[in-house]
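The block underneath contains the structure these notes are about, expressed in structure tokens.
Derivation of every value follows stated rules applied to the coordinates shown; laboratory data play no part. Because the structure is predicted, anything quoted here is derived from the model rather than measured. Ideal geometry is used to build each Cβ from the backbone, glycine not excepted, and the neighbour counts take in all protein chains shown.
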Amino acid sequence: MQDPATFLRALFDRAVEVADPMRSLARYLPAKPAGRVVVIGAGKASARMAEAVEAAWGPCDGLVITRYGYGRPCQGIEIVEASHPVPDEAGARATLRMLDLVSGLGPDDFVLALISGGASALLVAPVDGVTLEDKMQVNSALLASGAPIDRMNTVRKHLSRVKGGQLAAAAHPARMLCLMISDVPGDDPAFIGSGPTVGDASTPAEALAALERWKIVVPASVTLALSRPSRVIPPGDPRLSRVENLIYAAPGQSLAAAAELARGCDVRLLGDALEGEARAVAADQARLAKAIAAGLRPADRPVLLLSGGELTVTRRGDGIGGPNAEFCLALALELNGHPLIHALACDTDGVDGAAEVAGAIISPASLANAQALGVNAVESLARNDAHSFFAAIGAQVVSGPTLTNVNDFRAILVLASA
């Protein structure tokens, strides 16, 4: 076997590779319709998806919004870059242009929508009475709250004029196909990018309950907006009758590809939809890994634990960290230099939290290396400063923009002998 760090990084790279739209999207495209075709989209993978569409169909009319640094060259589709994870004016302007673009289409027109994770922040059109600054404040508070992604998206939908099926409704009566890359636990299309093309049965009261449950302080304008009837489109609404939503890439496929690459190991899949606090999940997986290590004999195959999903961090400190780096730091502390266990945790979009870092790798020497440099692991975790910790010991995974997004990827390697 390669050295553990190289092996784990190869698994992550393979998980990303199979979710690359240029490799996977074309087989899900129909023949290009003969009439008017408009391509729209949003998300961290959306520009790459648009590039793949034009590779198959040739130049198209349309508008796609992606994260700064994630743009791709397209022949006809306009690519707009905007802020993620907190929205900005560039995203707001582009969203209004997108709504204008699909308004007024007829029943013979065809809309291809390309949605991936990140669309929640990139598609931004606040409801009446809520400003962009209000939405930015709410988004920042949601991200720091530790709330699961489905609850965050419930709040976002009821403060929006484009999420929760409203983008699809704006394009009615045109026919629409929405191709999605899933970055949400359970692969529910209603929660990918806050479901701009998917009906939703939630209520403003549920959004208010989520704000209260996670103690999220919001401007008075937000509370007022959530006391009014919602604009979210319910499932079964006639305006959604000509919409087809198709998830063509998901975390499970990437985990399976990594497992195939690691066929020399005893691969154990822990699930592709794990949720929870990063440090709590790390403690659970550390206990499992140590129990496995205790039962291995020198001649046994290495055991590889793979998992996906979307972990959260309740922000308590002032550090720089994301859920994958925090998972790795908490895991290292729980393992306490165990000589047989190595691990990697990365976000497949190349961005862990708000840092331009995918995640981190740990080895039996991680804590000792930090101690030698005067870096305190316990204090780093308490401050939510995992990225600084791994930067200090040279154990960050920096992939750059991956142009896809199938959520978190975690791999724990348990060796039979050191």
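How many percent of Cα pairs in the range 1-142 exceed 17 Å? Here the long-distance tail beyond 17 Å is 64 percent of all Cα pairs in the range 1-142. With the charge dipole of the chain set up from +1 on Lys and Arg Cβ and -1 on Asp and Glu Cβ about the Cα centre, the Cα lying farthest toward the positive end among the listed residues PRO234, ALA416, SER83 is that of PRO234.
The equivalent ellipsoid that matches the C-alpha gyration tensor of the range 31-249 spans semi-axes of 28, 18, 15 angstrom, in descending order. For THR312, the residues whose amide H sits under 5 Å from its own are GLY276, GLU277, ALA278, ignoring neighbours fewer than 5 places away on the same chain, with H placed 1.01 Å from N.
Report the far tail of the P(r) of the range 102-161, meaning the percent of Cα-Cα pairs longer than 18 Å. Can you show the working numbers first?
On the way: 792 of 1770 pairs.
The answer is 45 percent, as a whole percent.
For the chain, the dipole from Cβ point charges (+1 on Lys and Arg, -1 on Asp and Glu) about the Cα centre works out to 340 debye, to the nearest 20.
Computed from backbone phi, the HN-Hα couplings of the range 7-15 come to 4, 5, 5, 5, 5, 4, 4, 5, 4 Hz, rounded to whole numbers (Karplus: 6.51 cos²θ - 1.76 cosθ + 1.60, θ = phi - 60°; Gly and Pro given as x). Between SER417 and ASP128, the FRET efficiency from the beta-carbon distance, with R0 = 56 Å, is close to 0.30. The lysine pair tally for the chain, using Cα distances under 17 Å and a gap of 8 or more places or different chains, is 4.
Computing Cα extents along the principal axes in Å directly from the structure and comparing it against (1) 67, 52, 44; (2) 88, 64, 38; (3) 68, 49, 33 singles out (3).
Look at the dipole of the chain built from charges on Cβ: of GLY129, GLY337, ALA257, the Cα furthest out on the positive end belongs to ALA257. The convex hull around the C-alpha trace of the range 260-338, projected and averaged over every direction, spans 6.1 square nanometres. When +1 charges are put on Lys and Arg Cβ atoms and -1 charges on Asp and Glu Cβ atoms, the dipole computed for the range 31-249 relative to its Cα centre reaches about 160 debye.
Annotation: amide H of VAL267 within the under-5 Å range of LEU304, sequence separation 5 or more or interchain, hydrogens built in the peptide plane. Taking chymotrypsin sites (Phe, Trp or Tyr not before Pro) across the range 1-95, the ones in a DSSP loop with at most 15 further Cβ atoms lying within 10 angstrom of their Cβ are TYR68. Assuming charge only on the beta carbon of Lys and Arg (+1) and of Asp and Glu (-1), the dipole of the range 140-241 about its Cα centre is about 360 debye to the nearest 20.
Ranking PRO59, GLY271, ALA391 by how far each Cα lies toward the positive end of the dipole of the chain (charges on Cβ) leaves GLY271 at the top. Computed log10 I(q)/I(0) for the range 271-418 at 0.09, 0.12, 0.19 Å⁻¹: -0.25, -0.44, -1.09, from the Debye equation with unit scatterers placed on every C-alpha and solvent omitted.
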